[in-house]
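Novice: One structure, pasted below without further comment.
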Amino acid sequence: MLLKCKMGGCQVNIQVRLNQKTFLRFSRFDVLRHRKLWRSPALFAAILGASAAVCFLMHETSGAVVLGTVLLAAGLGVPAAYFLSYYLSLRKQIQKEGLAQPKYVYTLSLQDPGGISVDNGREHAVYSWEQVFHAYRNADATYLYITPQRAFLLPHDCVPGGADGLWELIGRKLPDGRRTVL
């Protein structure tokens, strides 16, 4: 079983080793699904695309097709450049952090009762279960958001005893509305 239980409660220690695949998957989830940062580029593309369509419908007016082409190019090009820049910055960050090979990042301790403590060798932080904003579980990792902007990644291959025991502990500490299986 995942948890080490004694009379006072249960505890699990997870030494998180992060790799490129897990980091990329989390980053895509965080930006596109959790924070929904795709909305602004999509809205921009929709507005300029609709404006271009109006220009193309007015093709008999002098310069309308040229303006429509410029609007369509900008409407598709700017969001494409935004996402390309995002993915290139992820690649740069992976190289900077040395995640091509699995790398130790931090140790996270989950205690029932108690809370969550995180230690990376330089810093130590303690959070109560009430501070946890949301927990998400996907096929190969659990994302424990302390705030809407700060999450701890728990790759399932780092969890002693497996992901089911971890999710069971999280389920005891967080209500249904604050945990999601993806």
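The values are calculated or read from the model by the stated rules, or taken from the named source; none is laboratory data. What you are looking at is a predicted structure, and each value in this text was computed from that prediction instead of being measured. Cβ coordinates were reconstructed from backbone atoms using ideal geometry, including for glycine residues, and neighbour counts include every protein chain displayed. What goes into the accessible areas is simple: the full protein's heavy atoms, side chains included, and nothing from ligands, DNA or RNA. Shrake-Rupley method; radii C 1.70, N 1.55, O 1.52, S 1.80 Å.
Novice: Heavy-atom accessible area per residue, the chain, 1.4 Å probe: how many Å²? Don't jump to the answer; show the numbers that get you there.
Specialist: Values: 10630 Å² over 182 residues.
Roughly 58 Å² per residue, with all protein chains present.
Novice: Calculate, for Leu88 and Arg172, the FRET efficiency according to 1/(1 + (r/R0)^6) with r their C-beta to C-beta distance and R0 45 Å; round to the nearest 0.05.
Specialist: On the way: r = 41 Å, r/R0 = 0.92.
After rounding to 0.05, the efficiency reads 0.60.
Novice: Also: By the scheme Lys and Arg +1, Asp and Glu -1, what is the net charge of all other residues having a beta-carbon under 13 Å from that of Arg33?
Specialist: +4
Novice: For the pair Leu37 and Thr180, what calculated FRET efficiency results from E = 1/(1 + (r/R0)^6), where r is the Cβ-Cβ distance and R0 = 25 Å, to the nearest 0.05? Walk me through the numbers on the way to the answer.
Specialist: Details: r = 18 Å, r/R0 = 0.74.
For R0 = 25 Å, the calculated efficiency reads 0.85.
Novice: Roughly how many percent of the accessible protein surface of the chain is carbon and sulfur, given a 1.4 Å probe and a whole-percent answer?
Specialist: Answer for the chain is 59 percent, counting heavy atoms of protein chains only.
Novice: Specify which labelled value, from (1) 45, 18, 12; (2) 30, 19, 13; (3) 33, 20, 14, agrees with semi-axes √(5λ) of the Cα gyration tensor in Å derived from the coordinates of the model shown.
Specialist: From the options (1) 45, 18, 12; (2) 30, 19, 13; (3) 33, 20, 14, the structure gives (1).
Novice: Can you give the longest stretch of the chain with no exposed loop site, where a site means GluC sites (Glu not before Pro) in a DSSP loop (not H, G, I, E or B) with at most 11 other C-beta atoms within 10 Å?
Specialist: Longest site-free region, per DSSP loop and neighbour criteria: 61-122.
Novice: Also: Looking at this model, which pairs from Lys36/Lys103; Lys21/Lys173; Lys21/Lys103 are more than 22 angstrom apart at the alpha-carbon?
Specialist: Checking Cα-Cα distances, Lys36/Lys103; Lys21/Lys173 exceed 22 Å.
Novice: Considering amide H positions built from the backbone, and no H for Pro or chain starts, which residues 5 or more places from Arg179, or on another chain, come under 5 Å of its amide H?
Specialist: Close amide H contacts, sequence-distant or interchain: Ala135.
Novice: Exposed loop sites here are trypsin sites (Lys or Arg not before Pro) in DSSP loop states with at most 16 other C-beta atoms within 10 Å. What is the longest stretch of the chain lacking them?
Specialist: Value returned for the longest uninterrupted segment is 37-121.
Novice: What FRET efficiency comes out for Thr107 versus Val78 if R0 is 45 angstrom and r is the Cβ-Cβ distance? Round to the nearest 0.05.
Specialist: Details: r = 42 Å, r/R0 = 0.93.
E between Thr107 and Val78, to the nearest 0.05, is 0.60.
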